[in-house]
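The values are calculated or read from the model by the stated rules, or taken from the named source; none is laboratory data. This one's a predicted model, so the numbers in the text were calculated from it and none came from an experiment. FYI the Cβ positions are ideal-geometry reconstructions off the backbone, even for glycines, and counts take in every protein chain you see. Remember, those area values only see protein heavy atoms, side chains included, never the ligands or the DNA or RNA. Shrake-Rupley method; radii C 1.70, N 1.55, O 1.52, S 1.80 Å.
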Amino acid sequence: MNTARFKRLAMGAALVGGMLLGAAMAQAEPMKVGFVYVGPVGDHGWSYQHDQGRQAIEKALGDKVQTTFVESVPEGADAERVITKLAKSGHKLIFTTSFGYMNPTIKVAKRFPKVKFEHATGYKRSKNVSTYVARFYEGRYIAGVIAGRMTKSNIIGYVASFPIPEVVRGINATLLGARSVNPNVTIKVVWVSSWYDPGKEGDAAKALIDQGADIITQHTDSPAPLQVAANRGVKGFGQASDMIKFAPKAQLTAIVDDWRNYYISRTKAVMDGTWKSSATWDGIKQGMVGMAPYTNMPAEVAKQARETEERISSGKFHPFTGPIKDQSGKVVVKSGEVLDDGKLAVMNWYVEGVEGKLPK
Amino acid sequence: MNGFDILAPAILTVITASTPLLFAATGELVTEKSGVLNLGLEGMMLVGAVIAFATASVTGSASLAIVAAAAAGAGMALLFAFLTLTLMANQVATGLALTIFGVGLSALIGADFVGYALKPLPQLDIPGLSQAPIIGPIVFGQDFLVYLSFAALIGVSWFLKRLRGGLILKAVGESHDSAHALGYSVIRIRYLATLFGGAMSGLAGAYLSLSYTPLWTEGMTAGRGWIALALVVFATWRPGRVLLGAYMFGGITILQLHAQGMGIEISSQFMAMLPYLATILVLVLISRDKTKIRLNAPACIGRMFRPAK
C-alpha cells in the first residue's frame, strides 16, 4: 500500500507500484492478482470495501498469492492501459471494480485469453470475463423497515447520486420496506449529481432535514450525510461500509459491501483450474451484502430488522414482491408476483410514495 | 411549516457552503494581483484540510489546527513560489503539478486518519443575541472561521485600495519592470502575495475538514479550488464581487437542493448546472465593461520576471 502511495506522491500517478516489483520476480510461484479501483482506497466507501476484499485474499491464501492494486483510475481509455499493464505483467486474475471499466475489460480480455477477468457491476461477459454485483436492494429494504418504524415525521430523506437503475432500485426498495410497516411514509429524494462530494452530500442532508426528514439515507460514497444527521440529532444509515465511528449515536445500521468471500473463492478457482465465466448477483444469503449491527433503536425494531434479514436471506421473501404500484397508482407487479431480475436490472420508475419526478 | 422556518436554516447552510470558496478566492485574488497565477488551489486546500484534521485529532486543539493549516497552505505556496519565482518555472504547469502533488501528499498524510470524525468547531454563542429569531443564529451563531473569512475579505479590500503596501502590490502585478525600476523588490513581494494565497487556501481546507464536514476523506475538496479560481477571474479581480460570486455560488447550490426536496419539478441535472451557470452569467454581466476589466486585470499575470543584473 505504501509503495503505491509513494509512487503517486512522486509521480502524480498511482501507477506501477507493485508491478515493477512483479516484473522482477516473474518466475516466482505466487499467483498474481490485480485490482483496478475507481476511487482512492481511502474513500471509506466503494473502493475501500473492494480493497478489504483484496486484503482478505492475502490473509486467506498467504504467500500463495501476490496482489497489486491501482487506485483512482479514471473510467475510459486510461483504464484500458492500466488493465493491459496488469495483464502483461503476469497477473492471472484481474478484478476491475467499476461499471465504466466494462468495455476496456472486454477489449483487454480478448488479447489475453489466458488471463481471467472479473468485472463488477457490468453485464458484458466472455469466455474469460465474469461479472459480479451485489443485491444491495435487499439491505435497503431492511433499512426501509427500520426507517418506517423509527420515523416520527414520516419523511425519509434520500441523498442520491445519479438516476441509474442501481440507485432507483435502492430508493424503491427503501420505500417498500418502510411502507410495509408504516403506510404513511414518503421519501424525499435530493440528487447531488456526484458519487463523491462530502460537502454537497452533507448540504443535501441538511436541506432534507430542514424540510422535515428525520431519517437520512444515502446513495453517495462519503460519510458526510450520516455525520450531518448525527449533528442535527436525527438518525441515518451507513453506506458501503460500517460508518459507526462517524455517528456512534445516529447510525441505525449500514449496508456493507462484502466482497471478501467472493474474491477468495474466485482466486482459489483460478488456482485449481475450476474458474468459469459466470454472472454473479449475490445478496445477503451468500454474504455479499452484510448488515452492520442494528444500533440506536428499540430492541423490538432491531428484532424486526433481524427477522426481515432472515426472511430475505432464507429466500422466503423477496423485497420486490407485489402488489407494487408506480407513482401514478398503476399496479406494476401483481399481488404475490415477484419482479424478475431482468426488470430489476433496468428499473427506471419510482414506486408510489416516492416524492418528485425521476430525472431522465 | 412557515417560510421563515425554512429560510433561516437554508441561509445557515449557504454560509457554510460559501465560506471555503470565499477564503480560497480572497487568497488567490491577492496572489493574482501581484502578477502570479497559482492554479494549485485545490492541492493547497487539500493539504490544509488534512493538516487541520490531523492536528485537531492529535492535539485536540482547533486553534492550533487552524494555524497549522494556514502554515501548511503557505508551505505549499512556498514550494510553488520557489519553483516559479526563483527557478522561473512555468506558472501554469507548476500550478497544475502543485494540485496533483497536493492530492497525493494529502492522501499520504491522511491515510491514518480515514474513518474518524471530529466534533465540529464550536459556534459563537452570545447569550440573548444568538437566540434571537432568524438573525440571531445567522449573525451571531457562526464559528470563528466564518467571521475570519469576512474579516480577511474586508482586510484585503482595504489593503488593496487604501494602503501603500496594496498599491505597491498592484504596481508589481501591473508592470513588474516599472516597479523594479522604482526600487521595489518584485520577487519578494510576489513571494509574500503567493504565501498569503497559500495560507488562505489552507484555511479554506481547514474549514472543510473542521467545520463543513468534520472528517477527512481523500479528495474531499471535490473541485472547490477550481471554482474559487474561476470566481476570481469572473469577479474581475474585485474583492466585492468575489464575495458576491462565492455567496451566489454557495447560495444557488443550496437553494437547488432545497428546491429538489420541495419537489419542484426541474430536472436535477439542470439544477446541478445552475450554480455555475448563474454565477458566471451574473458576474460576466455586471463586469462586461471592457475598459474596467482591463483596468482591474493585473497586466503581468503569469509572466516571469528576471531582474536585470
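Please identify the pairs in which a residue from region A:313-333 that is open to solvent by less than 50 Å² (accessible area, probe 1.4 Å) has its Cβ atom under 7 Å from the Cβ atom of a residue that is hydroxyl-bearing (S, T, Y) and part of a loop (DSSP other than H, G, I, E, B), counting only partners at least 6 apart or on another chain.
A:G322/A:S335; A:D326/A:Y350
Every residue in region A:227-259 that is in a helix (DSSP H, G or I), buried (at least 23 other Cβ atoms within 10 Å of the Cβ) and in contact (Cβ under 8 Å) with a residue 24 or more places away in the chain, please.
Selection gives A:Q227, A:V228, A:A229.
How do the strands (runs of 3 or more DSSP E) wholly within region A:123-193 filter down when requiring 1 or more residues that are touching a His at 6+ places or on another chain (Cβ under 6 Å): which remain? Step through it out loud before you land on a result.
Details: elements: A:129-134, A:155-160, A:186-191.
Answer list for region A:123-193: A:129-134, A:155-160.
Collect the residues in region A:158-198 that are among the polar types (S, T, N, Q) and within 11 Å of chain B (Cβ to nearest Cβ), keeping them in residue-number order.
Of everything in region A:158-198, those that are among the polar types (S, T, N, Q) and within 11 Å of chain B (Cβ to nearest Cβ) turn out to be A:S161, A:T186, A:S193, A:S194.
Let's see how each residue does on (1) in contact with a strand residue (DSSP E or B) (Cβ under 6 Å, 6 or more places away or on another chain); (2) among the acidic types (D, E); (3) open to solvent by less than 80 Å² (accessible area, probe 1.4 Å); (4) modelled with pLDDT under 85:
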{"site": "B:T253", "(1), (2), (3), (4)": "no, no, yes, no"}
{"site": "B:M262", "(1), (2), (3), (4)": "no, no, no, yes"}
{"site": "B:S267", "(1), (2), (3), (4)": "no, no, yes, yes"}
{"site": "B:A272", "(1), (2), (3), (4)": "no, no, yes, yes"}
{"site": "B:Y276", "(1), (2), (3), (4)": "no, no, no, no"}
{"site": "B:S287", "(1), (2), (3), (4)": "no, no, yes, yes"}
{"site": "B:A299", "(1), (2), (3), (4)": "no, no, yes, no"}
{"site": "B:K309", "(1), (2), (3), (4)": "no, no, no, yes"}
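I'd like the residue in region A:84-94 that is open to solvent by less than 10 Å² (accessible area, probe 1.4 Å) and touching a Gly at 6+ places or on another chain (Cβ under 7 Å) and, out of all such residues, is farthest from A:T267 (Cα to Cα).
Result: A:L86.
Taking A:K152, is it assigned by TED's automatic domain parsing to the domain that holds A:K64 and basic (K, R)?
no
Restricting attention to region A:312-338, report how many residues are within 30 Å of B:M262 (Cβ to Cβ) and not small (G, A, S).
Let us first name the residues in region A:312-338 that are within 30 Å of B:M262 (Cβ to Cβ), namely A:319-320, A:323-333.
Keeping just the survivors that are not small (G, A, S) gives A:319-320, A:323-327, A:330-333.
Matching residues across region A:312-338 total 11.
Could you run through region B:274-292 and say how many residues are within 14 Å of chain A (Cβ to nearest Cβ) and either over 21 Å from the mean Cα position of the chain (by Cα) or among the hydroxyl-bearing types (S, T, Y) (or both)?
1
Residues checked against (1) open to solvent by 10 Å² or more (accessible area, probe 1.4 Å); (2) without any contact (Cβ under 8 Å) to a residue 60 or more places away in the chain:
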{"position": "B:G155", "(1), (2)": "yes, yes"}
{"position": "B:G166", "(1), (2)": "no, yes"}
{"position": "B:L182", "(1), (2)": "yes, yes"}
{"position": "B:S185", "(1), (2)": "yes, yes"}
{"position": "B:R190", "(1), (2)": "no, no"}
{"position": "B:A206", "(1), (2)": "no, no"}
{"position": "B:S209", "(1), (2)": "no, no"}
{"position": "B:P214", "(1), (2)": "no, no"}
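In this structure, is A:Q286 modelled with pLDDT under 95, open to solvent by 70 Å² or more (accessible area, probe 1.4 Å) and under 19 Å from the mean Cα position of the chain (by Cα)?
yes
Give me the pairs: first residue in region B:7-34 and closer than 21 Å to B:L85 by Cα, second residue open to solvent by 10 Å² or more (accessible area, probe 1.4 Å) and not in a helix (DSSP H, G or I), beta-carbon distance under 6 Å, and six or more apart or on different chains, which are they?
Note: pairs meeting the criteria are B:E32/B:I301.
Being aliphatic (A, V, I, L, M) and over 18 Å from A:G199 (Cβ atoms) is the filter here, so list the residues in region B:67-82 that pass it.
Answer for region B:67-82, where residues must be aliphatic (A, V, I, L, M) and over 18 Å from A:G199 (Cβ atoms): B:V67, B:A68, B:A70, B:A71, B:A72, B:A74, B:M76, B:A77, B:L78, B:L79, B:A81.
Is it the case that some residue within region B:97-112 is in contact (Cβ under 8 Å) with a residue 40 or more places away in the chain, assigned to a helix (DSSP H, G or I) and away from chain A (no Cβ under 14 Å)?
no
Name the single residue, out of those in region B:202-237 being out of contact with any Pro (no Cβ under 9 Å at 6 or more places or on another chain) and of a type in the set (F, W, Y), that is farthest from B:S34 (Cα to Cα).
B:W216
Look at A:M102 and say whether it is away from chain B (no Cβ under 14 Å), open to solvent by 10 Å² or more (accessible area, probe 1.4 Å), among the aliphatic types (A, V, I, L, M) and more than 23 Å from the chain's Cα centre (by Cα).
no
Just give me the residues in region A:52-80 being farther than 16 Å from A:L93 by Cβ and either acidic (D, E) or not assigned by TED's automatic domain parsing to the domain that holds A:K116 (or both), in sequence order.
A:D63, A:E71, A:E75, A:D78, A:E80, listed by residue number.
Looking at (1) free of Cβ contacts under 8 Å to residues at least 40 places away in the same chain; (2) within 14 Å of chain A (Cβ to nearest Cβ), can you tell me which one B:L295 breaks?
Looking at each condition in turn, B:L295 falls short on (2).
Considering only region A:51-65, I want to know if a residue exists there that is touching a residue at least 60 places away in the same chain (Cβ under 8 Å), open to solvent by 40 Å² or more (accessible area, probe 1.4 Å), under 24 Å from B:A107 (Cα atoms) and not in a loop (DSSP other than H, G, I, E, B).
Yes; the residues of region A:51-65 include at least one that is touching a residue at least 60 places away in the same chain (Cβ under 8 Å), open to solvent by 40 Å² or more (accessible area, probe 1.4 Å), under 24 Å from B:A107 (Cα atoms) and not in a loop (DSSP other than H, G, I, E, B).
So which of B:T217, B:T253, B:T236 ends up being closer than 30 Å to B:A62 by Cβ, within 19 Å of the chain's Cα centre (by Cα) and of a type in the set (S, T, N, Q)?
B:T253
Picking from A:W349, A:W281, A:W275, which residue would you name as being surrounded by 18 or more Cβ atoms within 10 Å (Cβ to Cβ), of a type in the set (F, W, Y) and touching a helix residue (DSSP H, G or I) at 6+ places or on another chain (Cβ under 8 Å)?
A:W275
For B:G202, are the conditions met, namely being open to solvent by less than 10 Å² (accessible area, probe 1.4 Å), closer than 30 Å to B:S63 by Cβ, touching an Asp or Glu at 6+ places or on another chain (Cβ under 7 Å) and not β-branched (V, I, T)? If you could, list the steps in order and put the result at the bottom.
Values: open to solvent by less than 10 Å² (accessible area, probe 1.4 Å): yes; closer than 30 Å to B:S63 by Cβ: yes; touching an Asp or Glu at 6+ places or on another chain (Cβ under 7 Å): no; not β-branched (V, I, T): yes.
It is false that B:G202 is open to solvent by less than 10 Å² (accessible area, probe 1.4 Å), closer than 30 Å to B:S63 by Cβ, touching an Asp or Glu at 6+ places or on another chain (Cβ under 7 Å) and not β-branched (V, I, T).
Could you check region A:201-219 and list, in sequence order, the residues that are in a helix (DSSP H, G or I) and facing chain B (nearest Cβ under 7 Å)?
A:G202, A:D203, A:A204, A:K206, A:A207, A:L208, A:D210
Which of the residues spanning region B:115-139 are within 23 Å of B:T213 (Cβ to Cβ) and touching a residue at least 12 places away in the same chain (Cβ under 8 Å)?
If the condition is that a residue be within 23 Å of B:T213 (Cβ to Cβ) and touching a residue at least 12 places away in the same chain (Cβ under 8 Å), then B:Y116, B:A117, B:L118, B:K119, B:P120, B:L121, B:P122, B:Q123, B:L124, B:D125, B:P137, B:I138 are the ones that fit.
For every residue, the table says whether it meets (1) without any contact (Cβ under 8 Å) to a residue 24 or more places away in the chain; (2) within 14 Å of another protein chain (Cβ to nearest Cβ); (3) closer than 25 Å to B:I293 by Cβ.
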| residue | (1), (2), (3) |
| --- | --- |
| B:A230 | no, no, yes |
| B:V233 | yes, no, yes |
| B:W237 | no, no, yes |
| B:M248 | no, no, yes |
| B:G251 | no, yes, yes |
| B:L255 | no, yes, no |
| B:M262 | yes, yes, no |
| B:M271 | yes, yes, no |
